[in-house]
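Colleague: To start, I am sharing the structure in question, which I have written as structure tokens.
The values are calculated or read from the model by the stated rules, or taken from the named source; none is laboratory data. Just so you know, these numbers come straight off a predicted model, no measurement behind them. Please note: Cβ atoms are built from the backbone with ideal geometry, for glycine as well, and neighbour counts cover all protein chains shown. SASA here: full protein model, heavy atoms, side chains in, ligands and nucleic acids out. Shrake-Rupley method; radii C 1.70, N 1.55, O 1.52, S 1.80 Å.
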Amino acid sequence: MLVIAHLSDTHLDGSPRSAERTARVMDHLHALPRPVDAILVTGDIADHGELTEYETAAKLLASPLPVLTCPGNHDVRDAYRKGLLGDGQGGDGPVNARHDVAGAVFLLADSTVPGRNDGHLDAETMAWLAGELASTPAGAPVFVAFHHPPVTLHHPVIDTMRLLPTEPLAELLADHPQVVAVLTGHFHTAAASTFAGRPLRIAPGVVSTLRMPWEGDGPLVDLTQPPGVAFHVYDDAGLLTTHYRVVV
């Protein structure tokens, strides 16, 4: 049985509030009686994309457990590489990474478009995904993760900045049945859907919770709700189950 703790949108901005909420979630995960197999963070790790924010993130996300990250639209690739990944060379190209953990493969793709809030998997990233999927044994479960959800989520703001186009990714996944699920962030609220016939699971926000249109008037995000985390459980029968928790 594989257990993945999935969090997103820490938006570390130098304030005590965002740092405390991130630390609270990490402390909760580290105190679990049964350690999770991996901690996945699907983007918007920094709020302004500044080097100091990533240096803070590196400290807060430090763990004896595997921590897997990908960037979001608030992240800046060069500073992300230098401050979070410890890559002194930096670089502005897509930040794509493969991690093999506990018999599973995690393909973390960069869906960001520098200077924009919407998402896109460019030709370099799609070629990387295709190559990694082609080289992965058919029996190995694969999780594809990135920041922007690839489906409509029925929110007038977030739906304008989702992943587009989605057809190339859907066609690629259709050729690779070993992909168990697509895991994303960006939405600041727990959600579950399907994409290309696979489970799509969206992590709740750490820094805030998105207010849905039917929940009444008010600010775009609710700052009073506690941070959340998703636990994805992949069992020996090949079933994926997700449990959502708030961390008080």
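Colleague: Restricting attention to the stretch 95-109, does a residue exist that is among the acidic types (Asp, Glu) and assigned to a strand (DSSP E or B)?
Modeller: yes
Colleague: Of everything in the stretch 14-57 that's among the acidic types (Asp, Glu) and within 18 Å of the chain's Cα centre (by Cα), which residue is farthest from LEU84 (Cα to Cα)?
Modeller: This residue is ASP37.
Colleague: Another one. Could you please find all residues in the stretch 119-159 being within 20 Å of PRO213 (Cα to Cα), touching a residue at least 24 places away in the same chain (Cβ under 8 Å) and open to solvent by 40 Å² or more (accessible area, probe 1.4 Å)?
Modeller: Within the stretch 119-159, HIS154, PRO156, VAL157 meet the criteria.
Colleague: Let me ask something else. Would you call ALA58 assigned to a loop (DSSP other than H, G, I, E, B), surrounded by fewer than 21 Cβ atoms within 10 Å (Cβ to Cβ), out of contact with any strand residue (DSSP E or B) (no Cβ under 8 Å at 6 or more places or on another chain) and among the aliphatic types (A, V, I, L, M)?
Modeller: For ALA58, the condition - assigned to a loop (DSSP other than H, G, I, E, B), surrounded by fewer than 21 Cβ atoms within 10 Å (Cβ to Cβ), out of contact with any strand residue (DSSP E or B) (no Cβ under 8 Å at 6 or more places or on another chain) and among the aliphatic types (A, V, I, L, M) - is not met.
Colleague: Give the stretch 192-248 a look and list any residue that's open to solvent by less than 30 Å² (accessible area, probe 1.4 Å) and part of a loop (DSSP other than H, G, I, E, B), or say none.
Modeller: If the condition is that a residue be open to solvent by less than 30 Å² (accessible area, probe 1.4 Å) and part of a loop (DSSP other than H, G, I, E, B), then ALA203, PRO204, VAL206, VAL207, SER208, MET212, PRO227, VAL247 are the ones that fit.
Colleague: Still on this structure, please answer the following. Take GLU171 and tell me if it is open to solvent by 70 Å² or more (accessible area, probe 1.4 Å), assigned to a helix (DSSP H, G or I) and closer than 22 Å to GLY197 by Cα.
Modeller: The answer is yes for GLU171.
Colleague: Take the residues in the stretch 157-168 that are part of a helix (DSSP H, G or I) and in contact with a strand residue (DSSP E or B) (Cβ under 9 Å, 6 or more places away or on another chain), then tell me which one is nearest to PHE231 (Cα to Cα).
Modeller: Here the answer is ILE158.
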